[in-house]
Amino acid sequence: MFMSAPSLIWKAAVQLFVSGEIWNDLSVSGIEFAWGYFLSVIVGVPFGIAIGWYKRFAYICDPFVNAMNATPRVALLPLVIIWLGIGILSKVGIIFLGAVFPLLINTRDGVKTTPANLLTAARSFGASEWQIFKSVVIPSTVPFILTGLRLAIGRALIGVMVGELYAATAGIGFMITVAGATFQTDKVFVGVLIFAITGMFATEMVDRAERKFDKWRPKVGSEQ
């Protein structure tokens, strides 16, 4: 009852996909994840760059960013549901809140840690602030942005699960909740594996992009 053999999990997965029962849940969770993650990128990256580049803006925003990053997203879920309802918007909202801050903070720190010797060299050649920003700061920040994208994937998937656990009528998280309540552990494991495989593939895609921009970094660790 409390555990399922791999053969039973495989059988449940085949049944769910062949019968078409799972496709609507996959579609709902996929849409929620895509929108929440997309919004976190278009908000987190520009704001992270702005906070890292403009000291006055950082002075205003840093306390709020740090406080929100330390706040458990589950604690905000009741407010998100009150504001956005129990439809897809509340799930997108909680996914956004989970994913945006790792991305924003990594981007901000990337801007702030731009090597001083590169900035000095650019200024010594008479580069304007815009030229320095475009040609030195942004390229130096790209690896940090990609790291933020990778971390945000996990936070976004947690947001999908949490949002669908408390307020949903469809989705993989909702399927896991219903299956758990009816002691269908094979279906629970199918849902968990879907989350794990999605995270693995999405993270691998970002890792590949990150490695393309990481060639300038010194290699650390044993080659064996």
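The values are calculated or read from the model by the stated rules, or taken from the named source; none is laboratory data. Values in this document were obtained by computation on a predicted structure and should not be read as measured data. Virtual Cβ from ideal backbone geometry, glycine too; neighbours counted across all protein chains shown.
Odds and ends about this structure:
- Qualifying residue in the range 172-192 (condition: over 16 Å from the mean Cα position of the chain (by Cα) and closer than 30 Å to residue 115 by Cα): no
- Looking at 42, 9, just one residue is among the β-branched types (Val, Ile, Thr) and without any contact (Cβ under 8 Å) to a residue 12 or more places away in the chain, and that residue is 42.
- For the range 1-39, the candidate set comprises residues that are surrounded by fewer than 17 Cβ atoms within 10 Å (Cβ to Cβ) and β-branched (Val, Ile, Thr); within that set, the residue that is nearest to the chain's Cα centre (by Cα) is 31.
- Some residue of the range 146-153 being under 26 Å from residue 38 (Cα atoms) and not in a helix (DSSP H, G or I): no
- Test: residue in the range 102-122 that is modelled with pLDDT under 85, in a helix (DSSP H, G or I) and among the basic types (Lys, Arg): no
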